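*Asks:* What follows is a structure written as C-alpha cells; I'll ask about it next.
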Amino acid sequence: MKILFFAKGEDNPHWLRALQHQLPDADIRLWDEKETDAAWQADYALVWKPPVEFFHGQHGLKAIINLGAGVDSILALQSRPADVPLLKLRDAGMAQWILDYVRYGLLHFGRDFDHYRQDQVAKHWHPREIGSRRDWPLGILGAGAIGAVVAETLASEGYPVRCWSRTPKQLDGVESFAGPGQLADFLDGCRGLISILPATRETRYLIGDDQLSRMQADGVVISCGRGEVFDEQALADRLRYGRLRGALLDVFHQEPLPATSELWGLKNLIITPHIAAPTPIVTAVEQIAGYIAQIENGEPVSLVDPALGY
C-alpha cells in the first residue's frame, strides 16, 4: 500500500511516525514538489490544504482523506480528481477540544469575567450575583458529529439548548430546528449563539445583522466552525455599539486575521488564532487506518458530498 502525505503547517514528523506505527506495512512518503517521483503512484492521499501541484501525475488513487473536519479548501482545489472518493475526519477527538473552547466562552461571560476585567481597569470592587444556567438559552449552529456532542453535553449541564442544522436531529435534551425556514425561530431569544458550521454555499453569510438582532440584547457569539458563516461587518458593528455583549471568535474570513482588521480593537471581543480544535494525531490516524481497512475490504465508508460541502 502506498500513501502520499501533505499537511500544510502541521507537525509532519509526528504524523508520519504515527502513520507508520499504525500502518507498518505501508510505503508512506511526504510529498515534495522537487523530490516526489512522478512514476510513484499512491493508493491513498492524506492531505491538509495541499498545493495545486499535489495531484499532478497521481492517477491511481483509491481515496483522498482530508486531515481535518473542514473540507472547503480541498473542495475548492481545481486539481483534485473529482472521481476519487473524498473522506474527512469526523470528530476524531476534536469534539472534546471544541467543547472545552465553548465552555470557556460560556464561563467567561456567564460568570461576568468580562465585567470584572473592566472593573479591574477602573479599580472598581463590585461583586456580582452568579446567575443560573437556565437563564442562558443556547443555540448551536451545526449538529454533526461535533455539534451533537456539544449540544447534548451542554444540555446535560443545565443549559436550555436548541440546535439548527440542514436536516432535523434527535438529540437528548435538545430542541431541533432545521432548514432556512426555521432559522429565525431558532435564533429568537438565544443568549448564546455557538457556531460549529462548515463553510458551504448554504452557510456562507448565513448570520448577518437581521439574524443577530433576534438574539437577546446581552447575547454573546462563540464561533469555532468557519468564519464565513458570519457577516463580520455586521458582527463588528453590533459589538462596537453594544447591541451584543461580546464574542469569542476562533475563525475568520481571512486567516491569519489581517493587522488592519477592526476586530482587533474591539474590547468586548476575544480573538484566538484558529486553535479551538487541533487535530489529535493519534486518534486521527486510528480513524484513517479504519477508513483504509474499510476500503480495502470493500466495505462502505462515509464520503464527503461535494454538493453539500461536508
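Every read-out reported here was derived from the displayed coordinates using simple, explicitly stated rules and does not represent laboratory data. Just so it is clear, the model here is predicted, and its values are computed rather than measured. Counting neighbours? That spans all protein chains shown, and the Cβs are built from the backbone with ideal geometry, glycine included.
*Asks:* Using only the Cα atoms of the stretch 94-271, build the gyration tensor, take square roots of its eigenvalues as a ≥ b ≥ c, and label the shape rounded, prolate or oblate: rounded if a/c is under 1.5, else prolate if a/b is larger than b/c, else oblate.
*Replies:* In terms of gyration-tensor shape, oblate.
*Asks:* Tell me, what is the percent relative contact order of the chain, built from C-alpha pairs under 8 Å that lie six or more residues apart?
*Replies:* Reported as a whole number, the value is 16 percent.
*Asks:* Calculate the length of the line joining the C-alpha centroid of the stretch 82-103 to that of the stretch 16-47, in whole Å.
*Replies:* First find each Cα centre; the distance between them is then 22 Å.
*Asks:* Show me, for the stretch 75-88, the HN-Hα J-couplings you get by feeding each phi into the Karplus relation (A = 6.51, B = -1.76, C = 1.60, θ = phi - 60°), rounded to Hz, glycine and proline as x.
*Replies:* 5, 7, 6, 5, 7, 5, x, 5, 8, 8, x, 10, 10, 9
*Asks:* I want to check the label-to-label distance for VAL301 and GLN78. Put each point 7 Å from Cα in the C-beta direction and report it in nm to one decimal.
*Replies:* Once both label points are built, they end up 2.8 nm from each other.
*Asks:* Could you compute the net charge surrounding HIS115? Neighbours are other residues with a C-beta less than 13 Å from the C-beta of HIS115; K and R count +1, D and E count -1.
*Replies:* Computed value for this residue: 0.
*Asks:* With the chain treated as a Gaussian network of Cα nodes joined by springs under 10 Å, which of ASP250, ASP25, ASP185 yields the largest mean-square fluctuation?
*Replies:* With Cα springs under 10 Å in the chain, the top fluctuation among ASP250, ASP25, ASP185 is at ASP25.
*Asks:* For the stretch 229-273 and the stretch 112-171, compute the distance between their C-alpha centroids and round to whole Å.
*Replies:* 19
*Asks:* Right, here's the next one. How far apart, in nanometres, would the label points at GLN182 and ASP119 be if each is projected 7 angstrom from Cα along the Cα-to-Cβ direction?
*Replies:* About 4.1 nm, to one decimal.
*Asks:* Mean Kyte-Doolittle hydropathy of 0.0 or higher plus an axial Cα length of 18 Å or more: which whole DSSP H helices in the chain meet both?
*Replies:* Qualifying helices: 94-110, 281-296.
*Asks:* Still on this structure: When ranked by the protection proxy of mean other Cβ atoms within 10 Å per residue, highest first, what sequence do the peptides 213-225, 71-83, 139-151, 117-129 form?
*Replies:* 139-151, 213-225, 71-83, 117-129
*Asks:* Search the structure for amide H atoms under 5 Å from the amide H of ILE270, placed 1.01 Å from N in the peptide plane, and list their residues when 5 or more places away or on another chain.
*Replies:* When sequence neighbours closer than 5 places are left aside, the close amide H contacts are ALA247, LEU248, LEU249.
*Asks:* Compute from the Cα atoms of the stretch 1-135 the Rg and the Dmax, the latter being the longest Cα-Cα distance, and quote both in angstrom.
*Replies:* Considering the stretch 1-135 through its Cα atoms, Rg and Dmax are 22.7, 71 Å.
*Asks:* List the equivalent ellipsoid semi-axes of the stretch 131-231 in whole Å, largest first, each obtained as the square root of 5λ for an eigenvalue λ of the Cα gyration tensor.
*Replies:* Rounded to whole Å, the semi-axes are 19, 16, 12.
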